[in-house]
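Have a look at the structure below, then the notes.
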Amino acid sequence: MTESLDIAALLEAVGRSEHGAMDELVRVIYPDLRRIAHFHLVKERPGHTLNTTAIVHEAYLRLAGGNANWNDREHFLRAASAVMRHLLVDYARQREAAKRGSGLRPLTLTDAGPATDDDSVAVIALDDALRELSRIDQRLEQVMECRYFAGLSTRETAEALGMSERTVEREVLRAKGYLKRALQSGGG
Amino acid sequence: MAADSPTTGCGGALDRIYTGALERRGGERRRYLDEQCRADEPLRREVEALLDAAEREGDPFAEQIQAAREHLFRSLLASDAKAEEDLSGQRFQNWRIERRLARGGLATVYLAQRDDGEFVQQAAFKVLRRGLDTEDVVARFRAERQILSSLEHPSIARFLDGGALPDGRPYLVLEYVDGRPITDHCSERGLELRDRLRLLIRVLRALHHAHSHLVVHRDVKPSNVLVSAEGEVKLLDFGIAKLLEPGPSPTGALHTRTGVALLTPGYGSPEQHARATVTTGSDIYQAGLLLYELLTGEFPFDGDPSAVAFQVPPPSQRLRGTALYRQVRGDLDAITLRAAHADPAQRYTSADEMRLDLEHFLAGRPVQAQPDRFSYRLRKLAGRNPWLMPLLAVVVLGTIAYVVTLTVYSARLERERQLAAAAQQFMVELFRSPDPFAPADPARGRDIRVVDTLELGQRRVREELGAQPELRAALLASISDVYASLDQHAEAIDLREEALALETELHGPRSAQVASSLRALGYQYAATGDMERADVLLERQLEIARSSRGVSPADLAVARIASGLHEERRGNLDRSHELLLQGVATLRAEPASHPNELVEALIVLEQHRSFADVPIDFDPLREAEQVARRVFGADSLQAALVQVRLASSLTNRGEYDASEQHFLAAIPVLEARLGPNHGSTLDALNNLGYLYHGQGDLAGAERLHGELLARKITKYGEQHSAVADSYQNFGSAITHQGRYDESLPLHRKAYETFKVVLNEDNYVIAVPLLSIAYVQLRRGELAEAEAAAREALARLQATPAARHLQGVAQCLVGVSLERRGQAAEGGALIASSHALIGSASLPEPYPELCRVPVEG
């Protein structure tokens, strides 16, 4: 499928920090993520939390159009993780900026229930922390991106990054040491 | 992140050492750190801080990030809503759009006013959303206009008009309904049950009207059933789902060709989810779900669509403890279950049928949905089934029976735990439908319900689970166990054999599952008296347990105990003792894992000690009591059953007060939980009678046994060992009051019935003979007495089970000889009988009669 080839190529481009590659990736994936999230939202009953992981999966199936193979799924999961991180961080930065009155219009949250300040702060802090982590080992950043920003399970993270589950667990543990230590010594 | 992040320092070395240390533990880790860090204190401290942070519990980010993800989606979706088109203020054909009302999955709805100057009319203006208007969708939209416009019913939101927007997107104009979803309407106004049903009746009339015009709604859910302030019911979105025909998709949900999920998951009928043909039946299913929600205020499946493939639970279940429970239980349960039956063939065939049933209910008339009552055939298990205990060997023979009862209850619970969630639902609903174990006075009345349920369960298992043999096997085994607990051993055996065949195929002939089924089957055959087959089966299960790999020590222990108990039944005392000791030794370390087997084994070991003088260096009875109390809890049915066993043992030991205490505590529990005529209840009463006898309250014993005899004849008919047993006990109570003329025919009856009902080599047949011999002695019929005693002796010698009984028989021969003038021979027999009797306590008057030496 042409779309999945695009994703793989786009991911590589993003990895090379090619200009505009991330935007392109977001453009490709984001509409589906959004539409599917919408239907999940519509179907859900009051009080239930939105299952964002399910949304990611459904988006994948939607794009793959029934021709899913492992490579595509891997790429997609990684891409989705990257996109979600991008979206979440973007969104959080906008909120924070709005609070400080920098002039950016915040997105309205009328239907959304209370978003606490802590959440935005946490997202930004985590984003910064992961970038720091990538200086030690890029794999750490990728693993935590999958785990946190996309909410993937150990197994899915292993798939997405082509590692064994055991390796994922080890990397998670390793990353947690750094992250928590960073929090202790006074994060941003 | 702070500028002085530890990673920017000696980053490379720090990470290497930290990573290395993570993979080591304890001493090894310390040594590694010593090596790597040498004298560099700050470095080591930093590494240790990282290790500590990594390994400490708690994830500071996870929750917040998850919350952030969710908020992101919601807010983006909300902004979507604002960014969407808004047609307010525009005019199309004869309609003026006033404002947007709602945004649905496919279409947006606006409030519109008729604008042709002719009359005022409010309407709902529905237009497909941008991007979702592919050609075929539009074509269908138009095609269905005809059908929709033909539906005219007071409870259906009328189709008024249709057309296309300038950009080609179709729109529909429908009667505007200002109302609340039916569920909200009912709860906000606190409507009572009957009023809610009346509302549903109107919905059903609407559905029927549509069905007769060949329109299937396909999306009957609360938000599509509105009720106005005046109480008018209107069904919305009629046939809209039908406009967009489902097609296959990778996720299996119903998708349109545009790839968008349509059906509200959780509300669809099973066949809709399975993408099978959708007919009017699926509307009825959804009406059933609606009924459920109206009755309980809750959705039956809690949003889990995978549960839809199985049966809706009876609504009364959710209402336990509330005032509504009684009203809903029974007829309304039946109506709901029939409407929302997983199998379309079992539902109401039309909305009208369902409506009529509701109207019957409201009028107090019988409801069609209740299942037929089967006539309950109490099969006479001629020649089978000793659940009983003859007077003297009270405890020994009851062994197998009690184990079956005890094992059955816990096995059933255990199995239910092991089954997958779906299967669990199946079984749990089966046993929770109208109070199957609630006692009623005639055994018939209560048991029929359960038997009905079991028959239904069997049918369903066979019909519905063809593709899931493992599940089927487990369920058949469970149902078998319940039959067993109802004394219906023939059915239990049939089902268990079937389960065994499946399990053999699935897991192999030497698997743990097969061993377990062999064990259960062995118990069943033993319970019906087929000892030969029971032998084979129990032998095989032990052999499998011994030599198969993957069998846990606990499983082996259970296998040993099962064999041991069976050997006991056969009278092979040594083998039994050895096996039971081995089993106990293993299981007592973890009593909660197989408490029934442990307790049973302990009790039988106790009998060996008291009857057969086998030395044991611990107190099995006390241990059994402790296990039962601790594992089952003082008030449980299991504890009551065990208490009865203990009480019987205590009776045999002569500890009458303690025994009576246990009986009086346990019997009410049995009567309440199992019913007054359940085999186990009757056995307990029987043993209580024996207690009275032992205490010397012969009149009390006589009363109790007489009553028991009557109950048993009613339950089993005359040809049954339980009845024979009662004749014997009843007779004994009268014998010991000296009314020999009355008692002799009773003992005779017992003997004759045992002969018919038991195998020829079963020593139990000898027991009434002893009584007959005694009575005849007392009446001076010496020749007859001697003959009877000799026959008894012969029977008892063939099986070494109860030596003390042998002793009694021998002494009776001796006494009759003496009285006929053969003093020497008689005396010798009497004297040598003492060795056989040993220290077993005999009831009066045998000790005196047999001149058993009093312990000095």
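Brief remarks follow.
- Report note on the peptides B:49-57, B:702-710: ranked by the mean count of other C-beta atoms within 10 Å, highest first, their order is B:702-710, B:49-57.
- Inter-chain shielding of A:119-132 (mean C-beta neighbours from other protein chains, 10 Å cut-off): 4
- Note, ³J(HN,Hα) from phi for the stretch A:139-148, Karplus 6.51, -1.76, 1.60, rounded to Hz, x at Gly and Pro: 4, 4, 4, 5, 4, 5, 5, 4, 5, 8
- Contour minus Cα-Cα distance for residue B:490 and residue B:99 (0.36 nm per residue): 133.6 nm
- Surface share of carbon and sulfur [accessible, 1.4 angstrom probe, percent] for the stretch B:523-622: 50
- Extension gain from residue B:24 to residue B:778, taking 0.36 nm per residue of separation minus the Cα-Cα distance: 262.7 nm
- Accessible area per residue for the stretch B:689-776, computed on protein heavy atoms with a 1.4 Å probe, is 32 Å².
- Solvent-accessible surface of protein heavy atoms, probed at 1.4 angstrom with all chains present, puts A:164, B:659 in the order A:164, B:659, largest first.
- Contact surface A-B: accessible area buried, both sides summed, square angstrom, 1.4 angstrom probe: 5400
- For residues of B:46-59, the mean tally of beta carbons on other chains within 10 Å: 4
- Protection proxy ranking of B:597-603, B:491-497, B:339-345 - average other beta-carbon atoms within 10 Å, highest first: B:597-603, B:491-497, B:339-345
- With the simple spin-label model, which puts each label point 7 Å out from Cα in the Cβ direction, the residue A:18 to residue B:150 separation comes to 5.8 nm.
- Note on residue B:165 and residue B:298: with the Förster distance fixed at 51 Å, the Cβ-Cβ geometry gives a FRET efficiency of about 0.80.
- Protection proxy ranking, highest mean first, for peptides B:581-594, B:816-829: B:581-594, B:816-829, where packing is the per-residue count of other beta-carbon atoms within 10 Å, averaged.
- Here each label is just a point 7 Å from Cα along the line to Cβ, and for residue B:349 and residue B:189 those points are 3.5 nm apart.
- Charge tally for residue B:549 (other residues, Cβ to Cβ under 15 Å; Lys, Arg +1; Asp, Glu -1): 0.
- Counts of other chain beta carbons within 10 angstrom of each beta carbon in peptide A:169-182 average 6.
- Simple label model, 7 Å out from Cα along Cβ direction - residue B:57 to residue B:626, nm: 3.3
- The trypsin sites (Lys or Arg not before Pro) of the stretch B:723-775 that DSSP puts in a loop, and whose beta carbon has at most 16 other beta carbons within 10 Å, are B:739.
- Segment residue B:363-residue B:714, extension gain: residue separation times 0.36 nm, minus the distance between their alpha carbons: 122.5 nm
- Estimated FRET transfer efficiency (residue A:90, residue A:134; beta-carbon r; R0 25 Å; 0.05): 0.85
The values are calculated or read from the model by the stated rules, or taken from the named source; none is laboratory data. Remember, it's a predicted structure, so these values are computed and weren't measured experimentally. Ideal geometry is used to build each Cβ from the backbone, glycine not excepted, and the neighbour counts take in all protein chains shown. Keep in mind that these areas ignore ligands, DNA and RNA; they rest on the heavy atoms of the full protein, side chains included. Shrake-Rupley method; radii C 1.70, N 1.55, O 1.52, S 1.80 Å.
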